[in-house]
Amino acid sequence: MPTAQLSVYFFLQAAVILATCRLVGALGRRFGQPQVVGEMIAGVTLGPSLLGWLMPQAQAALFPPETLGTLYVFAQFGVGFYMFLVGTEFSTEHFRHRFRGALMVSMAGIVAPFALALLLTPWLLGVPGLFAADIAYREAALFLGAAIAITAFPMLARIIHERGMAGTPLGTLALTAGAVDDAAAWCFLAIVLASFGGSWDSAWWAIGGGAAYAVFMLTVGRRGLRLLAERVQPDQPLSATMLAIVLVLFCLSAWAMDAIGIHAVFGGFLLGACMPRGALTARLREMLQPFVVVFFLPMFFTYSGLNTRLGMMLDPDILLAAIAILLASFAGKGLACWAAARVAGESPRDAQAIGALMNARGLMELILINIGLQAGVIQPGLFSILVLMAITSTLMATPLFNWIMRRHAAPAAALAPDAR
């Protein structure tokens, strides 16, 4: 396909993607779901699971294979920059409060999923269409464990913020445990990406290079970024030159992670986490977040949806694997975090709320499994199962959390003394 023709397709695809995601997202909000949940579902509807099933010729005409490379680049840039923005909001203050309880909850949310992954992987490796043919048991188990253990940290933070619980003990505990879980899951994913398809020499190079880059950013890089931030005045808009410098730094950070064999999203998040909090990060979020969230993320959801084939669930082996993975995901993560919170001394309400919140995967899950699919670690069958798990767990999180809070609020109100 000529290059000029690619742009013709891209603009049409972008228009359809944006309109569909806004429409389905608005419909989701009417049912009490965040916009992002509707956009995740919209991405799947534009793929072979719905549009390709109902109108295969129209779906193939709108998304011919030759155009998917362009969509992939925009999707990866968008999700990398979204992780940069997530990094600018990542606060280490959460780790200084409720550390013991958060550590117990996060450890339970890591150990239980990985234990279940270790048990399920030998069987899943024998099911066609799930893992790469040449993948080792260790790599498959680590990837599946990371996919089950990960938490939708940005969505978790949004739910807590919307409920006005950001400074409460429950909010602090959930945010801390979610951050630790996500950090562990990304570390295991980095190990899988570094070791898959190559020798451990290249794996150690990637892991060592990633660690060295992280140390550099947390020391020298942080000091340089602080000097950069000092040039931004709180009462003045961000200059075009300053914005260009930040974009250059983002691209270099993403390139560095890609070059050593990990993934660009790690570089984006690390740069964002090292940015000093203040006028610079506030201006960046104000300028960039609406465009990234409204324009780029729907492309990522749609690219994920184009690789999702829910029709594969009709295969009895795939369906059985899907049921096992869904049960392991919900029961393993939710029950483990609930039990750990109770052992840590949390109330029944707070423990149940923690289990509900920690079980949401959302966008973070889609990022992780897209990386796995592009790297060849997993195949479309497992990708589709994990997309279904991400959507289902995210759909359940907010209603379940609200139900728990209302259920425990009613007895408390009944026991309260009469104010009259």
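The values are calculated or read from the model by the stated rules, or taken from the named source; none is laboratory data. In this text the structure is predicted, and so the values were computed from the model without any measurement. Here Cβ is always computed from backbone atoms with ideal geometry, including for glycine, and neighbour counts include all displayed protein chains. To get the accessible areas, we keep the full protein, side chains included, count just its heavy atoms, and leave off ligands, DNA and RNA. Shrake-Rupley method; radii C 1.70, N 1.55, O 1.52, S 1.80 Å.
General remarks:
- Meets criteria (out of contact with any helix residue (DSSP H, G or I) (no Cβ under 8 Å at 6 or more places or on another chain), under 26 Å from G78 (Cβ atoms) and of a type in the set (D, E, K, R)) for R309: no
- Residue that is farthest from the chain's Cα centre (by Cα) [pool: residues in the stretch 384-398 that are buried (at least 24 other Cβ atoms within 10 Å of the Cβ), modelled with pLDDT of 85 or more and not polar (S, T, N, Q)]: I385
- Given (1) in contact with a Gly (Cβ under 9 Å, 6 or more places away or on another chain); (2) crowded, with 23+ Cβ neighbours inside 10 Å; (3) among the small types (G, A, S); (4) at pLDDT 85 or above, number of the condition G372 does not satisfy: (1)
- Note on the stretch 230-285: among residues that are open to solvent by less than 20 Å² (accessible area, probe 1.4 Å) and of a type in the set (S, T, Y), the one that is farthest from the chain's Cα centre (by Cα) is T281.
- Any chance P399 is farther than 26 Å from I262 by Cα, touching a Gly at 6+ places or on another chain (Cβ under 7 Å) and in contact (Cβ under 8 Å) with a residue 24 or more places away in the chain: yes
- Cβ pairs under 9 Å, 6+ apart, first in the stretch 347-373 and under 18 Å from L189 (Cα atoms) and part of a loop (DSSP other than H, G, I, E, B), second of a type outside the set (S, T, N, Q) and at pLDDT below 80: R361/A152; R361/M155
- Some residue of the stretch 166-173 being modelled with pLDDT of 75 or more and under 26 Å from A259 (Cβ atoms): no
- Helices (runs of 4 or more DSSP H) contained entirely in the stretch 24-115, each with at least 1 residues that are crowded, with 19+ Cβ neighbours inside 10 Å: 35-45, 51-54, 68-88
- When the stretch 140-161 is filtered for residues that are surrounded by fewer than 24 Cβ atoms within 10 Å (Cβ to Cβ), over 16 Å from S393 (Cβ atoms) and in contact (Cβ under 8 Å) with a residue 60 or more places away in the chain, the ones remaining, listed by number, are A157, I160.
- Number of positions in the stretch 116-160 that are touching a strand residue (DSSP E or B) at 6+ places or on another chain (Cβ under 9 Å), outside any helix (DSSP H, G or I) and closer than 17 Å to A390 by Cα: 1
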